[in-house]
Amino acid sequence: MTFPIRIVPVGPVMANCHILEFPESVVLIDPGGDHDALLKLIGKRTVAAMLFTHGHYDHIAALIPLKERFPAAAVMIHRLERDFLSDPLLNLSGHFGRGVAYTREPERLLDDGDRIPLPDGSELTVIHTPGHTPGGVCFLAGGVLFSGDTLFRESIGRCDLPGGDEALIIKSIREKLMVLPDDTRVLPGHMNATSIGYEKKNNPFFAAG
């Protein structure tokens, strides 16, 4: 990893927004709220892209004001999550009186295995990990995994929301994440960082298996 990563808990449920920092621009993963605070951290730089691990409101709530401020920022989300951006019932904002509805077409709809170029010439790899939502993804770069709401420290993402599937999320993690090197650093969408090796030994959904 050749660039610094700033982790900023945002919004009412403290979702982790990850800011990938470069000299003249940033890439945001899951800007889920508190856009004013994010703008202060961005400073005089531009936003090259906004990437979303999935479309729940606590991960997308700052999208609209940030896109207005940085119209050239490329919005990227898995193709199965496209409707989550525009539908307050799917993204759950409607249940909390927030009504987040981004109606523009994303600049890029992602698929499993896609590569996303970063400003320094490196890349993120898209790993489709359905289960929390149908189009949930993780992003992998340089031994760091941005796991969204798929894998947490000693836990997994909840599967009791529309489109959730516990058997599928366990399959996604077992087959696509647990095969990564043990020293892969895991930066989840909520709470503290972990590693693949730690989760193999300590996550109750996988340690026994």
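Only the coordinates and a few stated rules stand behind these numbers; no lab work does. Bear in mind that the values here come from a model prediction, so they are computed numbers and not experimental data. Here the Cβ positions follow ideal geometry from the backbone for every residue, glycine too, while neighbour counts run over all protein chains shown.
Within the range 145-162, track down each residue that is within 15 Å of LEU92 (Cα to Cα) and without any contact (Cβ under 8 Å) to a residue 60 or more places away in the chain.
Taking the range 145-162 first, the residues within 15 Å of LEU92 (Cα to Cα) are 149, 158-162.
Matches in the range 145-162: ARG158, CYS159, ASP160.
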Single residue of the range 144-185 satisfying the filter (assigned to a strand (DSSP E or B), of a type outside the set (Gly, Ala, Ser) and touching a Cys at 6+ places or on another chain (Cβ under 9 Å)) that is surrounded by the most Cβ atoms within 10 Å (Cβ to Cβ): LEU151
Within the range 36-86, considering residues that are of a type in the set (Val, Ile, Thr) and in contact (Cβ under 8 Å) with a residue 24 or more places away in the chain, the one surrounded by the most Cβ atoms within 10 Å (Cβ to Cβ): THR53
Provide a single number: the residues in the range 186-207 that are in contact with a helix residue (DSSP H, G or I) (Cβ under 7 Å, 6 or more places away or on another chain), aliphatic (A, V, I, L, M) and surrounded by fewer than 18 Cβ atoms within 10 Å (Cβ to Cβ). 1
I'm checking my understanding of the structure. Among residues of the range 186-201 that are out of contact with any Phe, Trp or Tyr (no Cβ under 7 Å at 6 or more places or on another chain) and in a loop (DSSP other than H, G, I, E, B), which one is nearest to HIS132 (Cα to Cα)? GLY189
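So how many residues does the range 8-36 have that are within 12 Å of the chain's Cα centre (by Cα) and among the hydrophobic types (A, V, I, L, M, F, W, C)? I'd like the intermediate steps shown before the answer.
Residues of the range 8-36 within 12 Å of the chain's Cα centre (by Cα): 15-19, 27-32.
With among the hydrophobic types (A, V, I, L, M, F, W, C) added as a condition, the list becomes 15, 17, 19, 27-29.
Qualifying residue count for the region: 6.
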